[in-house]
Amino acid sequence: MVSQFVSSHPVRLLGQIKFDFPEGIHAIGRLDNPSEGLLILTTDKRVTKLLYQGIKKHPRTYLVLVLKKVTPETLEQLRNGVSFLIKGNEMYTTSPCEVDIIDEPNFLFPSPYKKTIYQEYTWLKITITEGKYRQIRKMVWAVKHRCVRLVRTSIVHLQLGDLQPGEIKELAAKEFFGALGIDKY
């Protein structure tokens, strides 16, 4: 599903989830169509500014399945920053980030991908503090790997946990902002 409520294209939208969404709700830090995981929905427009336009960096963690085996040299490249094209045909170099090879995660929800079709693959855990359009996918592509599954598992201290696709967990403002490391709300 697309992480928005309105689209000019015939796609599944957030509004199709069985939930009584309040007026003015919107997604923060959207996920692209083939991505999965934690998505913040809010009616508070300050959240976008706090998380994505503020001075303080807010880490986001992803579990990423890539084709082929990832070498230690490739991990270092990703950790130190890689360059790729962004809008306007400009080269962009990512900030240093955390990247580790991990064991295959035990998701509570099934993968849309059959792992048997992939002869060699690697699971990575990547934590970034920036958010360029399709950044993780472009980062792994820049080091010659194709991303075949991407799941956002956390934004600061907000965790996906055992939430299933389409499930919603409401948080009180104090709990929500506290998990984001924001004292004043």
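For residues that are touching a residue at least 60 places away in the same chain (Cβ under 8 Å) and among the hydrophobic types (A, V, I, L, M, F, W, C), scanning just the stretch 150-172, find the one that is surrounded by the fewest Cβ atoms within 10 Å (Cβ to Cβ). Give the derivation first.
First, the residues of the stretch 150-172 that are touching a residue at least 60 places away in the same chain (Cβ under 8 Å): 150-156, 158-160, 163, 165-166, 168.
If we keep only those that are among the hydrophobic types (A, V, I, L, M, F, W, C) too, we end up with 150-151, 155-156, 158, 160, 163, 168.
On the way: LEU150: 22, VAL151: 19, ILE155: 21, VAL156: 18, LEU158: 19, LEU160: 21, LEU163: 15, ILE168: 12.
This residue is ILE168.
Among the residues of the stretch 54-65, which ones are of a type outside the set (A, V, I, L, M) and modelled with pLDDT of 85 or more?
Residues satisfying the conditions are HIS58, PRO59, ARG60, THR61, TYR62.
Checking each residue in the stretch 2-27 for being touching a residue at least 40 places away in the same chain (Cβ under 8 Å) and under 22 Å from the mean Cα position of the chain (by Cα) picks out only ILE17. Across the stretch 15-26, the number of residues qualifying as closer than 15 Å to GLU170 by Cβ and surrounded by 13 or more Cβ atoms within 10 Å (Cβ to Cβ) comes to 4. If you take the residues of the stretch 29-53 that are surrounded by fewer than 18 Cβ atoms within 10 Å (Cβ to Cβ) and either assigned to a helix (DSSP H, G or I) or modelled with pLDDT of 95 or more (or both), which of them is farthest from the chain's Cα centre (by Cα)? The qualifying residue farthest from the chain's Cα centre (by Cα) is ARG46.
Could you list, in sequence order, all residues of the stretch 54-78 that are more than 22 Å from VAL151 (Cα to Cα), part of a helix (DSSP H, G or I) and either within 17 Å of the chain's Cα centre (by Cα) or hydrophobic (A, V, I, L, M, F, W, C) (or both)? Once the filter is applied, which keeps residues that are more than 22 Å from VAL151 (Cα to Cα), part of a helix (DSSP H, G or I) and either within 17 Å of the chain's Cα centre (by Cα) or hydrophobic (A, V, I, L, M, F, W, C) (or both), the stretch 54-78 yields nothing.
The values are calculated or read from the model by the stated rules, or taken from the named source; none is laboratory data. All values reported here derive from a predicted model rather than from experimental measurement. Cβ coordinates were reconstructed from backbone atoms using ideal geometry, including for glycine residues, and neighbour counts include every protein chain displayed.
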